[in-house]
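The values are calculated or read from the model by the stated rules, or taken from the named source; none is laboratory data. Treat the numbers as computed from the prediction; the structure is a model and nothing was measured. When we count neighbours, we look across all protein chains shown, and the Cβ atoms used for this are built from the backbone with ideal geometry, even at glycine. Keep in mind that these areas ignore ligands, DNA and RNA; they rest on the heavy atoms of the full protein, side chains included. Shrake-Rupley method; radii C 1.70, N 1.55, O 1.52, S 1.80 Å.
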Amino acid sequence: MYKIAVIPGDGTGPEVIRESLKVLEAASKKYNFAYESTILDFGGERYLKTGKTLEDKDIEELKGYSAILMGAIGHPEVKPGILETGILLKIRFSLDQYINLRPIRLYKAEFCPLKNKNPEDVDFVVVRENSEGLYKGMGEFRNKGTMDEVAIQISYNTRLGIERCIRYAFEYCRRRNKKNKLTLCGKTNVLTYAWDLWERTFNEIAREYPDINIDYAHVDATSMWFVKNPEWFDVIVTDNMFGDIITDLGAMIQGGMGIAAGGNINPEGVSMFEPIGGSAPKYTGKNVINPLAAICSLSMMLDNLGEREAAEAVEGAVIKVVRTKLKSLSAGKMGYSTQEVGDLVVEYL
Ligand code: IPM
Ligand code: MN
């Protein structure tokens, strides 16, 4: 019996989560697994009412679940940063979800903004380190408020943190078994402390994986190649900040935020699955947001729980909906409502 914590969150989060739960229910019947879901109301509304984001006791409660499914966090009336650090990053860090896994897959050529690129050209995965780097929040102000002010933001990288991330990426690449190529995306030419350690660790661990071809690309060049030659990539491993940036670019070449899914993974603990995109407040309550990113996140969750067959079937149903039904992957332009897209996935499943 899987215990699923569901955090619909803010804006269009609840709408896309409703569709994911419909698909989860259908998948559990078809693939014979049992689950129970608990809806938790963390998010902007609750914060505005109670002043609370996520307390330590909430983290303890989350540790009791098999997985967490999240809609979106971000509320127009809450100052940027409060919900992000108080809820999203707090869960990632406290549950030590040290991998942010972001598959970049184009399901239909016409949804790609790049010329002459087909689904086989845009099919790679970014393994983003999710617990350190610039996201660690280390730094200080000096002489705040004066003309001599200095703001220092530290990128914190540990050997252990880097090593567990790189090891995960090699294992993932091997299991994926496509091009068997792992690219380290960094900035060794400028960030000579952090990326020296990343590169040394990468090269050392690579010796344990002679079946995987290794490659290195600077983050700026990686961005260029996402657009020019996305077919060069198979699995990419990178730090927290670079991973954040390149996966938004990745989301665009796979057809947009409407389809981009991700998982915050603790391979030894509780993982959380969420669309890459935000809460899209302007579409809230209109039944026009694309639920497929959330449904693809659900598919990733099923895979993580060990329900591989169900995970593949859900992704397969999404692919069929994208290829045969949708006019666009963007909110309001799909040719179907949020609920209808969810229904189509269930039908094809
Ligand atoms: C993401 C988001 C988050 C991040 C924000 C909302 C804190 O952009 O999941 O990519 O920067 O990691
Ligand atoms: Mn981001």
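Normalised by the number of residues in the chain, what is the relative contact order in percent for Cα pairs under 8 Å and 6+ residues apart? Write down the numbers at each step before the final one.
Working: 720 pairs, mean separation 81.6, N = 349.
It rounds to 23 percent for the chain.
Using a basic spin-label model with each label point 7 Å from the Cα along Cα→Cβ, how many nm lie between residue 207 and residue 63?
Label at residue 207, label at residue 63, 3.7 nm between them.
How much accessible surface area, in Å² rounded to 10, belongs to the heavy atoms of residue 315 with a 1.4 Å probe?
In the full protein context, residue 315 sits at about 40 Å².
Does region 245-349 come out rounded, prolate or oblate by the C-alpha gyration tensor, with a ≥ b ≥ c the root eigenvalues, rounded set by a/c under 1.5 and, if not, prolate when a/b is larger than b/c and oblate if not?
On the way: a/c = 1.81, a/b = 1.27, b/c = 1.43.
The shape class here is oblate.
I need the shape label for region 130-202. Rule: rounded when a/c is under 1.5, else prolate if a/b > b/c, else oblate, with a, b, c from the alpha carbon gyration tensor.
Since a/c reaches 1.5 and a/b is larger than b/c, the shape of region 130-202 is classed as prolate.
Taking 8 Å as the Cα distance limit and 6 or more residues as the minimum spacing, I'd like the relative contact order of region 257-349 as a percentage.
29
Going down the table (22/325; 117/286; 22/115; 136/282; 108/333), which pairs top 25 Å between alpha carbons?
Distance filter (> 25 Å) returns 117/286; 22/115; 136/282.
Given the Cα-Cα distance of residue 3 and residue 323 and 0.36 nm per residue of separation, how much length would full extension add, in nm? Please list the in-between numbers first.
Values: separation 320, 0.36 × 320 = 115.20 nm, distance 3.26 nm.
Taking 0.36 nm per residue and subtracting the Cα distance, the gain is 111.9 nm.
Could you compute the FRET efficiency for residue 175 and residue 45, with r as their C-beta to C-beta distance and R0 at 35 Å, rounded to 0.05?
0.35
Which value, in debye to the nearest 20, gives the size of the charge dipole of region 52-173 about its Cα centre, when Lys and Arg are +1 and Asp and Glu are -1 at the Cβ?
Value, rounded to 20: 180 debye.
For residue 148 and residue 224, compute 0.36 nm times the residue count separating them, minus their Cα-Cα distance, and round to one decimal in nm.
23.7 nm
Charges only on Cβ, +1 for Lys and Arg, -1 for Asp and Glu: so what's the dipole of the chain about the Cα centre, in debye to the nearest 20?
Values: 43 positive and 48 negative charges, 138 e Å.
Computed charge dipole of the chain: roughly 660 debye.
Kindly state, as a whole number, the per residue volume in cubic angstrom of the convex hull around the alpha carbon atoms of the chain.
148
Based on DSSP loop calls and a cut-off of at most 13 other Cβ atoms within 10 Å, the longest stretch of the chain free of exposed trypsin sites (Lys or Arg not before Pro) is what? Write down the numbers at each step before the final one.
Working: sites that count: 52, 63, 115, 144, 178, 207, 327, 333.
Result, exposed sites excluded: 208-326.
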